[in-house]
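The values are calculated or read from the model by the stated rules, or taken from the named source; none is laboratory data. Predicted, not measured: the structure shown is a model, and the values here were computed from it. Note: ideal-geometry Cβ built from the backbone for every residue, glycine included; neighbour counts use all protein chains shown.
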Amino acid sequence: MSKAKRNVLGLLAILLVAYIGVGASIRACAERIVEAGMQPAPAYQAWMKEDLYRKLHPALRGMANYEASYQPERHRYRAGFPFHFFFAASVTVDNYYDGEVGFHEPVTLHLRLSGWKWVPTYVSIPA
């Protein structure tokens, strides 16, 4: 194999590892954003603006019988691998809740990099 081919393959391998690494950090951040959206009001302020919080929080969306107090043992979050390009990303997080109501909903987040933090710009939850 020629030196040029080896260099190109090496560069591609480095880019692939970087893409996967950034994707893993976006995935973890997206799970924390959805978790903050399920918690009482003060918890969300470090992660998102109020309009996005209102779209995420079950009680504020009109979901009946959702407990006022956050019980972390009843919640599970699992994000798929995000699609990202430079400073923007899109990821779907599965939100599971095992309380009285019990639900599973896919939450789609669009994120942008602001400073060194991924910030949600759009939230979608299918009805």
Scanning the stretch 39-53 residue by residue, those assigned to a helix (DSSP H, G or I) and modelled with pLDDT of 90 or more turn out to be Glu50, Asp51, Leu52, Tyr53
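Please enumerate the residues belonging to the stretch 88-101 that are part of a strand (DSSP E or B) and either over 11 Å from the mean Cα position of the chain (by Cα) or of a type in the set (Gly, Ala, Ser) (or both). Outline the logic, then answer.
Restricting attention to the stretch 88-101, the residues satisfying the condition of being part of a strand (DSSP E or B) are 88-97.
Hits for the stretch 88-101 are Ala88, Ala89, Ser90, Tyr96, Tyr97.
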Restricting the stretch 15-36 to residues that are within 14 Å of Arg76 (Cβ to Cβ) and without any contact (Cβ under 8 Å) to a residue 60 or more places away in the chain, the one nearest to the chain's Cα centre (by Cα) turns out to be Arg32
* Asked: Does His104 qualify as being exposed (fewer than 14 other Cβ atoms within 10 Å of the Cβ) and not in a helix (DSSP H, G or I)?
  -> yes
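Does Ala36 satisfy the criteria of being closer than 15 Å to Trp118 by Cα, in a helix (DSSP H, G or I), in contact with a helix residue (DSSP H, G or I) (Cβ under 6 Å, 6 or more places away or on another chain) and not acidic (Asp, Glu)? Full working, then the answer.
Numbers: closer than 15 Å to Trp118 by Cα: yes; in a helix (DSSP H, G or I): yes; in contact with a helix residue (DSSP H, G or I) (Cβ under 6 Å, 6 or more places away or on another chain): yes; not acidic (Asp, Glu): yes.
In short, yes.
Residue by residue, here is whether (1) in contact with a strand residue (DSSP E or B) (Cβ under 6 Å, 6 or more places away or on another chain); (2) among the hydrophobic types (A, V, I, L, M, F, W, C); (3) over 26 Å from Ala24 (Cβ atoms) holds:
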position	(1), (2), (3)
Leu52	yes, yes, no
Tyr70	no, no, no
His84	no, no, no
Tyr122	yes, no, no
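Just to be sure, is Arg54 surrounded by 13 or more Cβ atoms within 10 Å (Cβ to Cβ) and free of Cβ contacts under 8 Å to residues at least 12 places away in the same chain?
Working: surrounded by 13 or more Cβ atoms within 10 Å (Cβ to Cβ): yes; free of Cβ contacts under 8 Å to residues at least 12 places away in the same chain: yes.
The answer is yes for Arg54.
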If you go through Leu109, Leu60, Leu113, the only one that is within 13 Å of Gly37 (Cα to Cα) and within 18 Å of the chain's Cα centre (by Cα) is Leu109
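Are any of the residues in the stretch 65-82 under 26 Å from Leu15 (Cα atoms) and not in a loop (DSSP other than H, G, I, E, B)? Reasoning before the result, please.
Within the stretch 65-82, the first condition is being under 26 Å from Leu15 (Cα atoms), and the residues that meet it are 78-82.
Next, from what is left, pick out any that are not in a loop (DSSP other than H, G, I, E, B): 78-79.
Within the stretch 65-82, one or more residues are under 26 Å from Leu15 (Cα atoms) and not in a loop (DSSP other than H, G, I, E, B).
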